[in-house]
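Down below is the structure, laid out as structure tokens.
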Amino acid sequence: MASIPGPIPQLPASPANAPPALGAGEHVTARAQARQRLAFLIMLFPVLVLFVLVRLIDLAVLQGLPEGSSSTISAAPPRGDIVDRNGVELARTFEAYAITVMPKRLTSDPELLATKLAEILPEQSRDAILEVLTSAKSLRYLAHRVLPGQAQRINDLGDPAIEIAREAQRLYPNYSLGAQVLGYTDEKGHGLIGIERAFDDRLADKAARAAPLTLSLDVRVQQAMQYELAALVADQNAKGAAGVVLDVASGEVLAMVSLPDFNPNVPGQRADGTRYTKENDDGSRFNNVTLGAYELGSTFKAFTIASALESGTLTNLQKQYDATQPLHVAGFRIRDDHAKNRWLTVPEIFIYSSNIGTARIAMEVGRDRQRAFLDMLGFLRPVDIELKEKARPQFPPLSNWGQSATMTISYGHGLTVTPLHLAAGYAALVNGGIYHAPTLLRRDGASAVSGRRVVSEATSEQIRRLLRLVVTSGTGRRADAPGYRVGGKTGTAEKIEHGRYVHGRNVVNFAAAFPMDAPRYVVVTMIDDPRGSKATAGFRTAGMVAAPAVRRIIERIAPPLGVAPDSGRDLDLTGLLPAPSEVKE
């Protein structure tokens with residue numbers, strides 16, 4: 001059996017062992033002998049090449065070698081490291097071993113050998129190993145990513161039919177953390193999804209890979225969000241979840257969580273240990289943040305009010321709108337879940353999440369200005385980020401974007417976007433009005449970040465006050481993290497499957513920012529089909545499910561991000577809500 005491949009140390013020639021000097025005649029004889037040896041080697045070389053070619057044909061064709069296999073294992077090429085914004089390793093290439101076996105040439109009893117190999121390779125069952133050892137194929141892979149100690153033990157078994165070869169392997173030391181963001185590679189070292197795919201050329205380039213690829217992600221923030229959302233999915237028996245933490249000043253993504261997830265070290269295996277196939281797809285490879293498009297409900301009301309302030313149809317937040325009864329349009333009825341059955345001011349429309357009031361605001365803005373505003377926010381095209389896995393938003397064509405569409409889109413129905421669209425949009429609303437394309441690459445803090453103005457500073461300030469009011473006095477109270485001045489908006493919408501609404505199954509989300517007096521980060525969470533629990537008193541709404549999760553996430557990520565709680569600071573919300581005597585019934 002071939003020993004584990006490795007460099008063979010060469011001993012330096014010792015002066016004491018050096019050959020004696022040759023005489024003149026002996027020099028001539030030595031030269032002649034050297035020429036004869038060289039001629040012999042030149043004649044022998046084509047024979048050796050022919051022998052190798054014949055052997056390869058024998059293995060690949062005559063003996064049914066599986067496609068892509070070789071008796072000499074081709075190691076995946078070296079690949080650049082990936083690190084988080086603080087230099088924490090996210091992906092690297094390490095040298096491991098691949099084990100192959102030629103079943104027809106085994107000298108050991110397959111049953112006994114399978115038992116011994118199963119003890120060395122505990123991740124494989126004895127039956128699976130026995131199936132390889134007794135295969136009719138001439139060459140089979142037994143294992144990849146074998147560590148040196150395991151390889152040595154296999155080598156010590158002494159069966160010449162087992163071959164061991166070095167191969168480059170990709171390691172993701174944090175297992176499932178950020179799995180859909182990082183992605184994984186195939187056996188030839190090519191990226192298949194995520195960052196591995198998006199930056200495949202950069203990571204494989206010999207010159208570029210000398211320096212690691214530095215992402216905007218912060219492992220501490222990623223871990224905190226992933227933990228909280230996983231706990232929430234388990235509590236709610238939900239189908240999945242998504243979460244984003246975004247720096248409002250730069251567009252850098254500090255966390256991107258999609259659940260269910262997977263371990264990129266073993267991408268062919270599901271979380272339950274079974275083999276991953278298209279037939280038993282559990283959705284774990286799907287990035288809900290960038291590839292999942294959803295109707296995100298009432299979180300859109302912030303954009304409707306912002307568009308009204310920008311267009312000039314709304315100049316005073318104390319303007320009142322008739323919400324005394326449902327609206328009827330094109331055969332549909334628009335109603336409020338928290339109906340007040342009276343005229344409402346804009347802040348009241350926002351904190352009570354009035355669909356009726358929001359629809360009336362949108363009608364004043366009009367279809368064309370509504371569509372132009374959403375287009376300016378990037379909501380009518382795939383989100384601008386480095387990943388290849390991106391969904392195209394769904395919205396009605398201009399010919400069908402009439403009065404009913406204008407009304408329903410105003411409160412987040414009739415248009416699907418990704419959670420990352422929502423996060424980038426909220427960042428622009430609260431950061432003073434500048435839209436920054438989200439990025440997964442760390443940006444240099446010393447250089448200015450390009451962006452485009454989408455709302456004025458005055459509008460941004462008004463929206464910040466309204467978002468804070470939702471958390472202090474509205475549907476987002478359970479998101480209030482003491483001292484962090486959280487602002488945000490709830491959103492609940494019926495789930496869409498195969499182009500149809502599924503009654504009784506919702507997508508709930510909460511879009512937040514903190515601290516609202518000087519916003520630094522946006523936090524968006526989305527839960528797919530929560531079923532209610534004791535912790536939420538059976539409720540499945542955003543205010544009961546998503547808002548508390550945002551509070552817990554902010555309380556965990558704020559300290560490492562350098563945001564200290566300060567109960568002595570807050571936005572001035574004076575005058576936003578009318579006095580009881582000013583309420584118009």
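The values are calculated or read from the model by the stated rules, or taken from the named source; none is laboratory data. Please read all numbers here as calculations on a predicted model, not as lab measurements. Counting neighbours? That spans all protein chains shown, and the Cβs are built from the backbone with ideal geometry, glycine included. Ligands, DNA and RNA are excluded from the accessible area calculation, which covers all protein heavy atoms including side chains. Shrake-Rupley method; radii C 1.70, N 1.55, O 1.52, S 1.80 Å.
Points to keep in mind about this one:
- Those helices (runs of 4 or more DSSP H) lying entirely in the stretch 103-192 with at least 1 residues touching a residue at least 12 places away in the same chain (Cβ under 8 Å), touching a helix residue (DSSP H, G or I) at 6+ places or on another chain (Cβ under 9 Å) and over 30 Å from LYS390 (Cβ atoms): 110-120, 126-133, 148-156
- When ARG197, ARG209 are checked against the criterion of being in a helix (DSSP H, G or I), open to solvent by 60 Å² or more (accessible area, probe 1.4 Å) and modelled with pLDDT of 95 or more, ARG197 stands alone in meeting it.
- One residue stands out among those in the stretch 438-478 that are buried (at least 16 other Cβ atoms within 10 Å of the Cβ) and closer than 21 Å to ASP218 by Cβ: the one that is nearest to the chain's Cα centre (by Cα), which is LEU440.
- Options ALA359, ALA423: the member that is in contact (Cβ under 8 Å) with a residue 40 or more places away in the chain, within 25 Å of LEU577 (Cα to Cα), assigned to a helix (DSSP H, G or I) and touching a strand residue (DSSP E or B) at 6+ places or on another chain (Cβ under 6 Å): ALA359
- Lone qualifier among PRO326, PRO419, PRO396 - being surrounded by 22 or more Cβ atoms within 10 Å (Cβ to Cβ) and more than 17 Å from LEU314 (Cα to Cα): PRO419
- Here GLU95 meets the list (1) modelled with pLDDT under 95; (2) loosely packed, with under 15 Cβ neighbours inside 10 Å; (3) not in a strand (DSSP E or B) almost entirely, failing just condition (3).
- Qualifying residue in the stretch 331-340 (condition: among the charged types (D, E, K, R), out of contact with any helix residue (DSSP H, G or I) (no Cβ under 9 Å at 6 or more places or on another chain) and open to solvent by 80 Å² or more (accessible area, probe 1.4 Å)): yes
- Complete set of residues in the stretch 136-155 that are of a type in the set (Gly, Ala, Ser) and crowded, with 16+ Cβ neighbours inside 10 Å: SER138, ALA143, ALA151
- Applying the condition of being closer than 14 Å to MET102 by Cβ and among the charged types (D, E, K, R) to the stretch 156-184 and asking which residue is most open to solvent (accessible area, probe 1.4 Å) yields GLU163.
- Test result for ARG505, open to solvent by 30 Å² or more (accessible area, probe 1.4 Å), under 23 Å from LYS239 (Cα atoms), in contact with a strand residue (DSSP E or B) (Cβ under 8 Å, 6 or more places away or on another chain) and without any contact (Cβ under 8 Å) to a residue 40 or more places away in the chain: yes
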